[in-house]
Amino acid sequence: MILSDLLYTHPSLVHSKYVLELGCGTALPSFLSAYQGAEMVLATDYDEESVVRVLKENVGRAVREVLKGGGKVRGVGYTWGHSPDDLFDYLPNGVDSFDVVLLADTLWDPLSHSDLAKSLSTTLSRNQESRVIVVAGLHTGRERIMDFVKKARRVGLDVVRPSETMRLLWDGLEMVDEPALEEVLARRSTEDVQADEWTSHILELELASDHEEQEPSSPHSTANPSIIHSRGPRLTGRRRKFVAYESLRPEEAKERGGIHLRNRWMTIWSLGWGVQ
């Protein structure tokens, strides 16, 4: 839902581009991409008959009822790590890869990271403007993100600075004050600071609980509207510094109402070719 909100309010991320979604589930980000004028969208999920059947039904319904027959979106099965040749068959002549790849909550299983990174390396267009847009929760721990970044680096991808679009969203949110964390970070060696520079490119945002509503006066609800008011995860309008290690936020291991405190936070970030 959060990725869909981002695409809804920032259409330039996908407009006139060839878009691929991996592990799409309900494929809502794919539908939003088509709605926002993507040149062509391919929504993919695990290549199993029942999964693909439901995906194609969802795509067909969206094309008829939401896109009014005008959206260039297809739903197909694809297993990460396998050859993407069948995916390329859906692209027009002269196009052999995708400008944007979408990942929404696909990092929870570390055993799939290598295959996912391999698929990114074979489907993402090899130019400096191409992006993998990632939305990842913290419900399975911060190390999941760090593990995946390592796998992505092995195929030539890296976390890149937020686009101007994402930075405008980020700068409009309230920063959580964490003096204890800042004190710990200030004691790090120069080598550690340089090694963790990539973490500054990851936007960490707070999710609202079911009973919370965003304040109408928050900067995020007017100048930077990033919420579709419907059922699903919503943002509170607060942000904080992303850190890669659980040990830097030991309070996140605690539970409230049976839910880990880290589950209240999620991340938005992008991968591109090489360090930028």
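The values are calculated or read from the model by the stated rules, or taken from the named source; none is laboratory data. Here the structure is a predicted model, which is why all the values come from computation and not from measurement. Positions of Cβ are backbone-derived with ideal geometry, glycine not excepted, and every protein chain shown enters the neighbour counts.
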Among (1) aliphatic (A, V, I, L, M); (2) part of a loop (DSSP other than H, G, I, E, B); (3) at pLDDT 50 or above, where does I228 come up short? (3)
Scanning for something in contact with a Lys or Arg (Cβ under 8 Å, 6 or more places away or on another chain), in contact (Cβ under 8 Å) with a residue 24 or more places away in the chain and over 24 Å from K151 (Cα atoms), does the range 54-62 turn up at least one residue? yes
Pairs please, first residue from the range 32-48 and closer than 10 Å to L102 by Cβ, second anywhere and small (G, A, S), Cβ atoms under 6 Å, 6+ apart in sequence or on different chains. L32/S4; V41/S30; V41/S33; V41/A34; A43/A27; A43/S30; A43/G75
Filter the strands (runs of 3 or more DSSP E) completely within the range 62-140 down to those with at least 2 residues that are under 15 Å from the mean Cα position of the chain (by Cα). 100-104, 131-137
Taking the range 24-48, which residues are surrounded by fewer than 19 Cβ atoms within 10 Å (Cβ to Cβ) and either over 23 Å from D115 (Cα atoms) or touching a strand residue (DSSP E or B) at 6+ places or on another chain (Cβ under 8 Å) (or both)? G25, G37, E39, Y46, D47, E48
Determine the pairs where a residue that is within 13 Å of E48 (Cβ to Cβ), located within the range 66-86, has a partner that is in a loop (DSSP other than H, G, I, E, B) and of a type in the set (D, E) with Cβ atoms under 6 Å apart, the partner being 6 or more residues away or on another chain. G77/D47; Y78/D47; T79/D47
All but one of (1) assigned to a loop (DSSP other than H, G, I, E, B); (2) of a type outside the set (G, A, S); (3) modelled with pLDDT under 85; (4) in contact with a strand residue (DSSP E or B) (Cβ under 8 Å, 6 or more places away or on another chain) hold for F242; state the number of the condition that does not hold. (3)
Among the residues of the range 167-184 satisfying the criterion of being surrounded by 15 or more Cβ atoms within 10 Å (Cβ to Cβ) and part of a helix (DSSP H, G or I), which is farthest from the chain's Cα centre (by Cα)? L181
Which listed residue, of D105, D115, D147, D99, is in contact (Cβ under 8 Å) with a residue 12 or more places away in the chain and on the phi > 0 side of the Ramachandran plot: D105
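To keep it simple, each residue is scored yes or no on (1) among the hydroxyl-bearing types (S, T, Y); (2) in contact with a strand residue (DSSP E or B) (Cβ under 8 Å, 6 or more places away or on another chain); (3) modelled with pLDDT of 55 or more.
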{"residue": "H220", "(1), (2), (3)": "no, yes, no"}
{"residue": "T236", "(1), (2), (3)": "yes, yes, yes"}
{"residue": "E246", "(1), (2), (3)": "no, no, yes"}
{"residue": "T267", "(1), (2), (3)": "yes, yes, yes"}
Could you tell me which residue of the range 150-166 is modelled with the lowest pLDDT, considering only residues that are among the aliphatic types (A, V, I, L, M) and not in a loop (DSSP other than H, G, I, E, B)? M166
Where S4 falls short, out of the listed (1) outside any helix (DSSP H, G or I); (2) within 25 Å of S130 (Cα to Cα): (1)
